[in-house]
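*Asks:* Structure below; questions to follow.
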Amino acid sequence: MFGKSKKNNNNTKNKADINSLEFDLDSIEQQLGGYDNVNDNGEPVLENGTTTLKKFISRKGLIFERDAIQSGFNRVMRCFYPASYPKRVGFAEWLYDAYTFGDIDISIMVKPVEKTKVIKELNMKLAQFISDYRRETSNDNVDKADMLGAAKDETRELRNRVEFNMDKMFWASFTACIGAKNKQELDEKSESFIHKMSAENVNFSDAFCRQKDAFKAIFPYVKNPIDKFRNFNLDALASVFPFINPELNHSGGIPIGINRITGNPIFFSNWDKSLSNPHMTVWAESGAGKTYMTYLIIARGIALLDIWTIAIDVEGVYNFLAEMVGGTSVIFSRDSKNKMNLWDIKPETASGGGMEVNIVSKYNDVKRILIVMLKGQSQNINDEVTALEMSLLEELVEDEYNALDIKKDPSSLYFRSENELHNFVRKVENEYKKYEIDIDLKQMYFDNIQGDYKVMNNHEFDLNGIKKPMPTMTSFFDRILLKKAKLAENPDEFKDKVKLINKFAEVFKVYTKERSMGFFDGQSTVDLENAPFVNLDISQLDEEFEQPLTMIILVNWIWEHYVKKNTGDKKKRVIIDEAWMLLKMGDVAINFLNVMSRRARKRKVSLTTISQRFEDFYKNEMAKAVISNAAIQIFLKQNGTEVELLKEVYKLTDIECSFLTQANIGNGIIRMNDVSTTMHVVTTDAERQFLDPDVRKMK
């Protein structure tokens, strides 16, 4: 098919000499359609009805008119070139309207001019200006003399800069091609384009009767048949490149900072219609200003848009803010009376409408947390959980909820009468009494109720009845003891389970009241109903295990009490500060974040993940989903290692990366829908009075 080839003795396929390839059009045409078909003129016809290969492969319907180019039935274009330019140009401004016009293609052709030729031309121009200047001065023509004097000085300065290699000269041409669906739309776009560019003293003219030549100039052939060039020096040429800095603004958003290029404020909203989801990630090294920026996001969100917020605070830095905005701080420590029960479950909206209790999902959530607890006590979070351990844990968890008869029906979360409550108490007492296990029902279920648990008036009421207490770590530990007693009846038959249940009893006893890890044992006492900002302070816990474990439990609790019940139009924000700590707990912890990011969007809840260590997140396959599910990213100052990975993942430019490694406090890049701009976080004087820690210390 290509060139000439020889057939070998083994009848193998033809091979062409790569150095002597040439097109045999007749052979190609025969391959495509053959010469068996001919038209009335005796010309060979290919399969699609064309008579030549050139027509066969060329674009259909491209018609060049005097002032437009028709491409098919629903595409028309018009090419333009600048007829005149401004005397001076500003950085990235004079062609800004062209680059952001919309359906437009712009071609810029640049040709450097030889240095000796430039100096020769400038010397000639300088001599002419000097001569004219002297003439007009002698004639007392002050106005012309002043103009010529300025031109003389500028020309001399430019010549000196070129001569000493401080500047260069270029010829540059510009061609623009605007597209539209029809001729009327094209005329309207053309008029708008010419009007916008004339405001920058750039007068574009349509290539009348030369549309074909101008269209060729659009393509990267390093040729411009229009041949309209303008001289530029190095500084002026730098201004023609499209350093576009988009105004990343959302209607009805909160101000977060100032656009460092345009100087305009940046307003953003996590719930803007242009975003695929409301989630946000913040990446910054220590001391870059991420906490201060988060203060502003929380405070402005509450004050301007009534966005309620809950935060997991690892360092105790948001307590003062909660007080300032009328919120509440919940401090967790070994001595704290604040409780958030990991066993809590709330109804949610079912896929088919109505409400349901997703009890199966809750089984899995609690089981995952218990697995982390189990691993944590072994001092190796990466230990594998055996199938038997998994099965026994699942059985115990289900028994806990079954004891309270909690099912898919939301009404199962309530005792229908005082008599039903008393029957539940007697049933539990009798079951444990049978195996001679001493229990304290108040410790198991009713620790946050004052007085006798049998008194109906001490329980939470609504129209459904008496709200049931949830299982607790004490009730779970007692459940383990009950299971142990039952297995002891047939120790030989359940030898492996007996060994395992003894291990569970030893491990989970640590998580009950009065023990070192008992601060999550008990009914929940935290009220989220009337607080615009709730800060969950875990700074007093141990960083190695207690804080990460508590973060997992809190994320699960936030889902049940804060996110799941948000079925209206209320906008809420969940902030996970120092989220990298969750990675210590393995994939189980990251799974809770993934679930939150997937489900929260439908309930108008934004998940904000703040972390120093992007590399750790990106290396974890499950954690990548958290990153990809965030439509807004904010990058503050980064170290060299982190910025290289950010460059790879988010396709940052070299200039953006350099900016991030050298950024001052509060400077960074905000990115939405793959479009980014640099910003500087700013505060008002009033905000600084209560947000700046140095100012607060002076008071």
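*Asks:* Ignoring ligands, DNA and RNA, please state the percent of accessible area on segment 275-385 from carbon and sulfur, probe 1.4 Å.
*Replies:* So the carbon and sulfur contribution to the accessible surface is 46 percent.
*Asks:* Can you give the extra length, in nm with one decimal, that the chain gains between Glu185 and Asn594 once fully stretched, where that is 0.36 nm per residue apart less the Cα-Cα distance?
*Replies:* That pair, Glu185 and Asn594, stretches by 142.6 nm at full extension.
*Asks:* Here is a further query. For the pair Asp153 and Lys486, how long in nm is the line joining their label points, each one 7 Å along Cα→Cβ?
*Replies:* Here the answer is 9.8 nm between the modelled labels.
*Asks:* Could I ask something else about it? In whole Hz, what ³J(HN,Hα) sequence does segment 621-638 give by Karplus (6.51, -1.76, 1.60; θ = phi - 60°), x for Gly and Pro?
*Replies:* 4, 5, 5, 4, 5, 5, 5, 5, 8, 9, 7, 10, 10, 10, 10, 9, 3, 10
*Asks:* Hey, can you grab everything whose amide H is under 5 Å from the amide H of Phe268? Only 5+ residues off in sequence or another chain; H modelled, so Pro and N-termini drop out.
*Replies:* His250, Ile254, Ile256
*Asks:* In nm, to one decimal, how far is the modelled label at Lys442 from the one at Thr386, with both set 7 Å along Cα→Cβ?
*Replies:* A separation of 4.0 nm, rounded to one decimal place.
*Asks:* Would you mind computing, in nm to one decimal, how far apart the modelled labels at Phe494 and Lys228 are, each placed 7 Å from Cα along Cα→Cβ?
*Replies:* For the pair Phe494/Lys228, the computed spacing is 9.1 nm.
*Asks:* Let me ask you something else. Normalised by the number of residues in segment 504-606, what is the relative contact order in percent for Cα pairs under 8 Å and 6+ residues apart?
*Replies:* The normalised contact order for segment 504-606 reaches 23 percent.
*Asks:* Among 600-606, 672-678, what's the highest-first ranking by average C-beta atoms within 10 angstrom per residue?
*Replies:* Sorting 600-606, 672-678 by mean packing, highest first, produces 600-606, 672-678.
*Asks:* On the protein heavy atoms, probe 1.4 angstrom, tell me the percent of accessible surface of segment 467-557 carried by carbon and sulfur.
*Replies:* Within segment 467-557, the accessible surface is 43 percent carbon and sulfur.
*Asks:* Here's another thing I want to ask about it. May I ask which residue of Met581, His561, Leu593 lies farthest towards the positive end of the charge dipole of segment 555-597, with charges of +1 (Lys, Arg) and -1 (Asp, Glu) on Cβ and the Cα centre as origin?
*Replies:* The listed residue farthest towards the positive side: His561.
*Asks:* From the C-alpha coordinates alone, can you work out the Kirkwood hydrodynamic radius of segment 281-398, in Å?
*Replies:* Every distinct Cα pair counted, the radius reaches 18.4 Å.
*Asks:* Residues of segment 475-583: accessible area per residue at 1.4 Å, in Å²?
*Replies:* 38
*Asks:* Once the dipole of segment 199-296 is set up with Lys and Arg at +1 and Asp and Glu at -1 on Cβ about the Cα centre, which of Ile256, Ala236, Ile266 lies farthest towards its positive end?
*Replies:* My answer, from the dipole projection, is Ala236.
*Asks:* Okay, moving on. Please compute the per residue accessible area over segment 173-285 with all protein chains in place, 1.4 Å probe, rounded to a whole number of Å².
*Replies:* Per-residue accessible area for segment 173-285 comes out at 50 Å².
*Asks:* Considering only the other residues whose Cβ falls under 11 Å of the Cβ of Phe232, what net charge follows from Lys and Arg at +1 and Asp and Glu at -1?
*Replies:* +1
*Asks:* Another question about this same structure. Rounded to whole Hz and in sequence order, give me ³J(HN,Hα) for segment 272-289 from the Karplus expression 6.51 cos²θ - 1.76 cosθ + 1.60, θ = phi - 60°, writing x for Gly and Pro.
*Replies:* Ordered by residue, 3J(HN,Hα) equals 5, 5, 6, 8, 6, 7, x, 7, 9, 10, 10, 10, 6, 7, 4, x, 7, x Hz.
*Asks:* OK, next. With θ taken as phi - 60° and the coefficients 6.51, -1.76 and 1.60, list the Karplus ³J(HN,Hα) couplings across segment 516-522 in order, rounded to whole Hz; mark glycine and proline as x.
*Replies:* 4, 10, x, 6, 10, 8, x
*Asks:* A further question on this structure: For Met355, which sequence-distant residues (separation of 5 or more, or a different chain) have an amide H within less than 5 Å of its own amide H, given hydrogens modelled in the peptide plane?
*Replies:* Result for Met355 returns Ala350.
*Asks:* Here's something else I'd like to know. Counting only heavy atoms of the protein chains, get the accessible area per residue of segment 604-646 (1.4 Å probe) and round it to a whole Å² value.
*Replies:* 35
The values are calculated or read from the model by the stated rules, or taken from the named source; none is laboratory data. Computed from a predicted structure; not experimentally measured. For neighbour counting, all protein chains shown are included, and Cβ atoms are generated from backbone atoms with ideal geometry for every residue, glycine included. Accessible surface is based on the protein model in full, side chains and every heavy atom, while ligands, DNA and RNA are left aside. Shrake-Rupley method; radii C 1.70, N 1.55, O 1.52, S 1.80 Å.
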